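Data first, discussion second: the structure below is written as structure tokens.
The values are calculated or read from the model by the stated rules, or taken from the named source; none is laboratory data. These numbers come from a predicted model, not from an experiment. Cβ placement follows ideal geometry from the backbone for every residue including glycine, while neighbour counts extend to all protein chains displayed. The protein model used for the area step is the full one, side chains on, heavy atoms only, and it has no ligands, DNA or RNA in it. Shrake-Rupley method; radii C 1.70, N 1.55, O 1.52, S 1.80 Å.
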Amino acid sequence: MVCAPPLSGSVPPYYREVYEAIRSKIDERVQVEVFQRLLSRTDLPSAVQGQIAEHVDYTDGFLSKVSLYKALALIALAQQGKQPSPKLLENCIQEFPKPQLGEFKDLQTLRMQPTQESPLMVSQTLGKLLARDTVQVELIPEKKGLFLKHVEYQITSQHFKISVYRRYSDFDVFHELLLQRFAYRMVPALPPKRMLKGVLASMSERDFIEGRRRALGRFINLVARHPFFSEDELVKTFLTFNGSDVQVKMRDACKKMGDEFMTNTIASLAKEYLPADIQAQFSSSRELIRNIHNSFHKLRDRAEKMAERSKENATDLLMFGRELSTLGSDGSPIPSLASSQSTWGILRQSLKGLSVEFALLADKGAQQGRREEDDVVEKLNLFLDLLQSYRDLCERHEKGVLHEHQRALQKYGMMKRQMMSATVQPKEQVSVEQLESRIVQQENAIQTMELRNYFSLFCLHQETQLIFTYLPITSHILGAFVNSQVQGHQEMGAVWNDLQQKLGCLFGVDEMQSPPLTPK
């Protein structure tokens, strides 16, 4: 797909008529399927139709109005026998030609009304969400700053194919602006900037910084994969802007756009798409997701303990091997009383080399712990971060929009009572007019709040769908857990087998297969 250049010629009225005839009734875009049907009506050779389609810019299966106009211009130029290309549009400075699309009254039949889904529905799969982007967050080793040192991160977006450098303060501003722009969506929380006193006393600064890096990685990946965040200008700026004033750039972008309620084309129509039992659906979904959250929290805790045990086991194996080596390195003479019958001298020499195998076992155990941490615990934490952002969203909905609406209604009631009192008791005309003006303003404010309340419910319903879209990540987590155990046990088992063979050569088969020292 090649993005066509901006239109340089003027758009004839016919283009607008075609757009109105085939655009979606829900928003101001045209479905790609509808455009393809339109293209097939042109009687152009299929190869030429393919060339035109390649030059059409579309996003998520839709063409914008401008993209359609460019496509219509390319169709008309191709019908004149010209090779369709973006260069033609650049050179066209007069009014664009009119394409031949058959009877105009038939164009409306191209619109795919029966198959259109409600905008309330989020048609996504886990695979599609994960494929939107993968963002790597790497720690820059040196601390920047002349006096106050700070950690810097290299952020690499697979989708935008670019690396940028960000500080924690950049993440902080980005998070603040996300909450302003998308107040009715799941915005994941940021990890703390500093270690909490008393809570993380046993954690080293290095461990804290690494944990924060992982949490920032989960945060930005959840944001970059969110269907309503991923293409937003604010997110693009954070992931791609290479200037030194990224915070100013983000604030300017957010100020120009406003919040999602102001830019969403169906925000004022949200009530029409909400089911009659939306509150009941919300309550039942919220309870189910709360239970899921609790269970995944326990799973994560257990997985963390297993990863920690694997690392502790690695340390114990290493120390076990070192003790054997110390035992074998003991040069104390063997008493003559025991030397004639004891094989300890020979055995002691053999023990020196066993620390190598135990060091290898320890290394495999440490790898197992890292696998469990990276592949299992981290995936569990990612989903837990998402679930927590859903709980935070529910609280914002109840304590924010609903609470503000209630306060506005109370204020309106108080003003109405004041107005009634003013009509009963004679007062200055100016104060009555001022009160009337304030009442009108309050009525408008209440109406806006009601629209925002419905839009908040609309978004909440969509975000609930995203939670269920993410739920199949359970199979990813289980697969990672099983694979880590299989790989770990196979690698450890191979080293244990080698060690068993080595012991058999060193000490003899009889010693290796001796009867138990204690009765069963």
Given axes a ≥ b ≥ c from the Cα gyration tensor, I'd like to know whether the range 231-360 is rounded (a/c under 1.5), prolate (a/b larger than b/c) or oblate. oblate
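So if each residue of separation counts as 0.36 nm, and I subtract the Cα-Cα distance between GLN136 and SER329, what length gain in nm does that give? Can you show the working numbers first?
On the way: separation 193, 0.36 × 193 = 69.48 nm, distance 4.74 nm.
Extra length from GLN136 to SER329 when fully extended: 64.7 nm.
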Write down, largest first, the equivalent ellipsoid semi-axes of the range 13-110 in whole Å, where each equals the square root of 5 times an eigenvalue of the alpha-carbon gyration tensor. 19, 14, 14
Between GLN80 and LYS249, what is the label-point separation in nm under the 7 Å Cα-to-beta-carbon projection? 4.0 nm
For an R0 of 45 angstrom, estimate the FRET efficiency from the Cβ-Cβ distance between LEU471 and ASP498 and round to the nearest 0.05. 0.60
Can you compute the modelled spin-label distance between SER169 and THR343, with each label point 7 Å from Cα toward Cβ, in nm? 7.1 nm
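Can you tell me the FRET efficiency between LYS256 and LYS305 if r is taken as the Cβ-Cβ distance and R0 is 56 Å, rounded to the nearest 0.05? Intermediate values should be presented prior to the final figure.
Values: r = 49 Å, r/R0 = 0.87.
Here the calculated transfer efficiency is 0.70.
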Sorted by accessible area with a 1.4 angstrom probe, largest first, how do THR109, THR448 fall? THR109, THR448
